[in-house]
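Structure first, then comments.
The values are calculated or read from the model by the stated rules, or taken from the named source; none is laboratory data. Being a predicted model, the structure only gives us computed values, none of them experimental. Heads up, the Cβs are rebuilt from the backbone with ideal geometry, glycines too, and the neighbour counts pull from every protein chain shown. Note: accessible area is taken over every heavy atom of the protein model, side chains too, but ligands, DNA and RNA are not part of it. Shrake-Rupley method; radii C 1.70, N 1.55, O 1.52, S 1.80 Å.
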Amino acid sequence: MPDTPPSRHVLVTGATRGIGRAIAAAFVAAGERVTLLGRSAESAERARREIGAAHAVAADVTDAAALEAALGQAAAQAGPVAVLVNNAGGAETAPLARSDVETLRRMMALNVEPVLVATRAVVPAMKAGGSGRIVTIASTAGLKGYGYVSAYCAAKHAVVGLTRALALELAATGITINAVCPGFTDTDLVGSAIDGLEARTGRARDDLMTEFTRHNPMGRLIRPEEVADAVLWLAGTGAGAVTGQAVAVAGGEL
C-alpha cells in the first residue's frame, strides 16, 4: 500500500465559530494537524475539544505583538505552519454620515492588518520548506460595494489587493496565496444582525432575512461548509498553480 502522506500543520484564525470553525473542522476531518486561534484561551480550547483539533492558541488579532506570539507558540507546539487560513474579521454597519476615519481604521485593523502580520510570520518557514498555502477569507464585499458598509467594503477590497500583490511576489517560492469571498453566510453573525434589525425596526424576521438572501440568485444563505470546501481545495496539491485569485462562493451573485 502507498505511504500515507504526513499531515500538515494548519492554523486557522477566528476558528471558534462560524466560517472559521467550519474550516478548522474540515481540515481535522481531512486528517490535518490543526491549530485553532481564538480571541480567548477559553473559547479556543473549548472549540479545540469539540472538533478534535490538535492545538489551540489565543490572541486579539488586532494586537500585532500578541498575534505574532500566538503564531510562534503554535509553531513551537506543532511545527512550522504549512497552511495559514486568515479568517478572523468583522463588519460594522453605518451610513456615510456616521462612517468616520476611526470607523475605517477599526475595519482595517481588524480585517487587513492581521492578514499582513500573520502572513509575514509564516512565510519564512514556508520559503525554507519550498511550499505553503495561505488562504484569506475576504467577502463579496471585497469584489463589489454594498450600501451602509463602506468601511468594511474598503477593508475587504484591501484584503483582495494584498492577496494579489503578495501572490505575485511569492509565486516562485512554492507558496500560493488566495482569497475566498463568501456572500452572506449562515452564521451566528448574520443571525445576530437580523436579531438587531428585528429589535430596532419591528420588521418580521422573514422579511429581514430576505434582505440578506436577495443578493444570492439561489435565494439562500451560503453554508459555512461550502466556504470550507473552497478553502480545502485551494490548500490542496491540485491547486498548486492557483494563486492570486479571489474565489467567490456566492451562488452566482458575482
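Of the residues screened, Val190 is not one that is within 13 Å of the chain's Cα centre (by Cα) and β-branched (Val, Ile, Thr).
Please go through segment 1-33 and pick out each residue that is more than 17 Å from Ala44 (Cα to Cα) and either of a type in the set (A, V, I, L, M, F, W, C) or modelled with pLDDT of 95 or more (or both). Spell out how you get there, then give the answer.
Restricting attention to segment 1-33, the residues satisfying the condition of being more than 17 Å from Ala44 (Cα to Cα) are 1-8, 29-32.
Matches in segment 1-33: Met1, Arg8, Ala29, Ala30, Gly31, Glu32.
Among the residues that make up segment 37-52, is at least one of them touching a residue at least 60 places away in the same chain (Cβ under 8 Å) and open to solvent by 20 Å² or more (accessible area, probe 1.4 Å)? No, segment 37-52 contains no residue that is touching a residue at least 60 places away in the same chain (Cβ under 8 Å) and open to solvent by 20 Å² or more (accessible area, probe 1.4 Å).
Please state which one of Val123, Val160, Val135, Val115 is assigned to a helix (DSSP H, G or I), within 24 Å of Asp60 (Cα to Cα) and touching a residue at least 60 places away in the same chain (Cβ under 8 Å). Walk me through how you get there before you give the answer.
Numbers: Val123 fails: touching a residue at least 60 places away in the same chain (Cβ under 8 Å); Val135 fails: assigned to a helix (DSSP H, G or I); Val115 fails: touching a residue at least 60 places away in the same chain (Cβ under 8 Å).
It is Val160.
Inspect segment 151-172 for any residue being more than 18 Å from the chain's Cα centre (by Cα), surrounded by fewer than 20 Cβ atoms within 10 Å (Cβ to Cβ) and over 20 Å from Val117 (Cα atoms) and give the result as yes or no. Checking segment 151-172: at least one residue is more than 18 Å from the chain's Cα centre (by Cα), surrounded by fewer than 20 Cβ atoms within 10 Å (Cβ to Cβ) and over 20 Å from Val117 (Cα atoms). One residue alone among Ala199, Ala230, Ala241 is surrounded by fewer than 14 Cβ atoms within 10 Å (Cβ to Cβ) and part of a helix (DSSP H, G or I), and that residue is Ala199.
Only one of the listed residues (Ala171, Ala248, Ala204) is touching a helix residue (DSSP H, G or I) at 6+ places or on another chain (Cβ under 9 Å), among the small types (Gly, Ala, Ser) and in contact (Cβ under 8 Å) with a residue 24 or more places away in the chain. That residue is Ala248.
Just one of (1) modelled with pLDDT of 95 or more; (2) open to solvent by 40 Å² or more (accessible area, probe 1.4 Å) fails for Val122. It is (2).
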